[in-house]
Amino acid sequence: MDSVNRFGPELILLAMAAVIILADIGWALAGTGAERMRRPALGALALTGTAASIIWSALLIAFDEQGEAFSGMIRVDDFALFFNFLFAGTAAIVILASIDFLRRNRFVAEYYALILASTAGMMLLASTIDLIAIFVALELTGISLYILVAFMKDGRSSEAGLKYLLLGAISSAVALYGMAYLFGITGSTSLDEIGLVVSEANGETRSALVLAMVFLIAGFGFKMAIVPFQMWVPDVYEGAPTPVTAFLSVGSKAAGFAVVMRIFLTALGDGSISSDWATVFAILAAISMSLGNITALVQGNIKRMLGYSSIAQAGTFLIGLAVVAAADPQLLLGTSAVLFFLGTYAFTNLGAFIAVIAISSKIGSDQIADYAGVAKRSPLLALGLTICLLSLTGIPPTAGFIAKVYVFNAAVQADLVWLAIVGVLNSVVAAYYYLRVVLNMYTAEPASEESIQPGYYLGLAMVVAVVGLLVIGIFPSPLLEASEAAARVFG
Amino acid sequence: MAIELEHYLILGALLFSIGLYMALAKRNFVGVLMGIEMMFNAVNLTFIAFSRFPRFADMTDAERLSGHVFVIFVITVAAAEAAVALALAMLVYRNRETIDVDRMDLLKW
């Protein structure tokens, strides 16, 4: 029973996904009379699922129920619980933001069920400690997201889904090849066992280990959306339904970082090999930040711009991973910096995309040029989007400022000063294209005077995101302590 | 000449490379999918080979078998992925009347 108990947060999401599908069939059988209640009820069920998952995770902490489950397949520790809260919270905000968006779509139940299944997969990615379970969780997340990206069924959405699926399948095959060699070298699929064998590795197995490491970075780099595995990002972000884009940019990316931290810190954390991957991550971080920001400068579509900006942000997270491999004290600093950044980034990016959903659905365009004068048509939405963009730039008092200071400080302490300088220079470049949107909203003349009113649920989701990132910006200590506790798992 | 672990690994690497080339170079979507399947099967072959020729003499049967178990999971998941991929191909064909990946250009590639 312990296993089922610790698996509860994921289990309840999957159970709720099944309940939603069954309830939808029930509604179809009940006839048209009950049709009016169908969409709100299904949305409420999905939200209940995420809330129950969050409460279950909180109870696991309250009753000190951390530990392993299913004979060493899953380890529920502070790290896994941190991500349980992050993913369930993200899913809840995305569901809130989808309610208005799905008003004219027939397949509401399938949409919510897929979001919940994908969230369960992401949670599993953060808690599994066995290569087999990691692969299954990776595909559970991925396959649900492929369908969600193509959900609108029109030309652009289906094309985005196709591209996402092709590159996703190739990248999971590449990651699998790395896992096969890791299994071959160490004779085990358990991350702890692999870590033990790797720490005794000699020159003979080292080259094979480096090969496995490169394949793993390539495979998971796709999920993290770092250069040079970022080709899919702008197209998929542009073509997918915007709530799904928000989910991809926060959930899928955080899941990629979670599983990379699990594998690299547990299985490949030993000094002889970790200095290798730290160098790789440092270089990829510098390239991701620079290329992401420079390409974002010339984008006319706001979803593409946020896509390139998310590549640059992923580069900033990678700084934390590059720091990890230095001496022991830095190990915790680097990991907790990544976790803290992921937490703040979730609020920031969700807020930005929700504002885009609200504004774009009204003006019928994703072009930055069409955002002219939005401040006059909807002062609150423009203010919300401005706060989110300021947080992405890293300007106080927003959460993004503290996160960036934290990561750059970690880099300086680990003697990676050059990386910190590249990061700061990139923040300056990034400020240009973020503030261009803000300037356009406030100073340009609007095309029409008609006001933009977001729906009730969308407004609520926006308030949660913006208040969240301001609160973290002013009182960072609870999230800081949570990310330090989660990082201590690898101590 | 006895067939050793290296031979299987070289065959796996060749199949993997051919699959990757097909996935990147084929223009027809179904061809790309075949390339991806070949990559998965190259991985399967590598796993089985590592299980058949264990690196440590003291490995228990359960540890050796985890390679086989992994392969079963890969086959199952690859089937699910192929089902979604073909459904998506149908959807794209309905919209565009082509499944040529070079002509997927509504979004800047």
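In table form, for the structure just shown:
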| quantity | calculated |
| --- | --- |
| Whether segment B:5-100 is rounded, prolate or oblate, judged on the alpha carbon gyration tensor where a/c under 1.5 counts as rounded | oblate |
| Set of aspartates and glutamates with alpha-carbon distance to A:Lys253 below 15 Å, sequence-local pairs under 8 removed | A:Glu139 |
| Shape call, chain A: gyration tensor on alpha carbons, a/c limit 1.5 | oblate |
| Phi to ³J(HN,Hα) by Karplus 6.51 cos²θ - 1.76 cosθ + 1.60 over segment A:390-405, Hz, x for Gly, Pro | 4, 5, 5, 5, x, 10, x, x, 7, 5, x, 4, 5, 4, 5, 4 |
| Computed E for A:Val298/A:Ala41 - FRET, C-beta separation, R0 51 angstrom, nearest 0.05 | 0.70 |
| Peptide ranges A:191-201, A:143-153 listed from the most packed, as the mean C-beta count within 10 angstrom indicates | A:143-153, A:191-201 |
| Calculated FRET efficiency for the pair A:Arg488/B:Glu4, C-beta based, R₀ 35 Å, to 0.05 | 0.20 |
| Carbon/sulfur fraction of accessible area - segment A:167-210, other protein chains in place, 1.4 Å, % | 53 percent |
| Other protein chain Cβ atoms within 10 Å, averaged over every residue that makes up A:9-21 | 0 |
| Under the Karplus curve 6.51 cos²θ - 1.76 cosθ + 1.60, θ = phi - 60°, whole-Hz ³J(HN,Hα) for segment A:7-14, x wherever Gly or Pro sits | 7, x, x, 6, 4, 5, 5, 5 |
| Using θ = phi - 60° and Karplus 6.51 cos²θ - 1.76 cosθ + 1.60, couplings along segment A:248-265 (whole Hz; Gly, Pro as x) | 4, 5, 9, x, 5, 5, 4, 5, x, 5, 4, 6, 5, 5, 4, 5, 6, 7 |
| Expected 222 nm ellipticity per residue - DSSP helices of 4 or more, -39500 (n - 2.57), all of the protein assembly as shown, to 500 | -26500 deg cm²/dmol |
| FRET efficiency estimate (nearest 0.05) - Cβ-Cβ, B:Asn28 to A:Lys153, R0 22 angstrom | 0.50 |
| Distant-in-sequence amide H partners of A:Gly373 (H built 1.01 Å from N, under 5 Å) | A:Met441, A:Tyr442, A:Thr443, A:Ala444 |
| Other-chain or far-sequence residues with amide H under 5 Å of A:Ile129's (modelled H) | A:Ile74, A:Arg75 |
| Sum of side-chain charges, A:Leu131 neighbourhood, beta-carbon under 12 Å (Lys, Arg +1; Asp, Glu -1) | -2 |
| Neighbouring partner chain Cβ atoms per residue of B:57-65, average, 10 Å criterion | 1 |
| Sparse-neighbourhood loop sites, chymotrypsin sites (Phe, Trp or Tyr not before Pro) in segment A:1-84 - DSSP loop, at most 11 other Cβ within 10 angstrom | A:Phe63 |
| For A:177-190, mean number of other protein chain Cβ atoms within 10 Å | 6 |
| Other-chain or far-sequence residues with amide H under 5 Å of A:Asn301's (modelled H) | A:Ile368 |
| Aspartates and glutamates whose Cα lies under 20 Å from that of A:Lys303, excluding same-chain neighbours fewer than 8 positions away | A:Asp100, A:Asp154, A:Glu159, A:Asp235, A:Glu238, A:Asp366, A:Asp370, B:Asp105 |
| Nearest-ten-degree value, helix B:61-96 long axis tilted from longest Cα axis of chain B | 10 degrees |
| Net +/- balance of residues flanking A:Pro446 in space, Cβ distance below 14 Å, scoring K and R +1, D and E -1 | -1 |
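The values are calculated or read from the model by the stated rules, or taken from the named source; none is laboratory data. Quick caveat, the model's predicted, so the values are computed rather than measured. Every residue, glycine as well, gets a Cβ built from its backbone with ideal geometry; the counts of neighbours run over all protein chains shown. The area values use the complete protein model at the heavy-atom level, side chains included, leaving out ligands, DNA and RNA. Shrake-Rupley method; radii C 1.70, N 1.55, O 1.52, S 1.80 Å.
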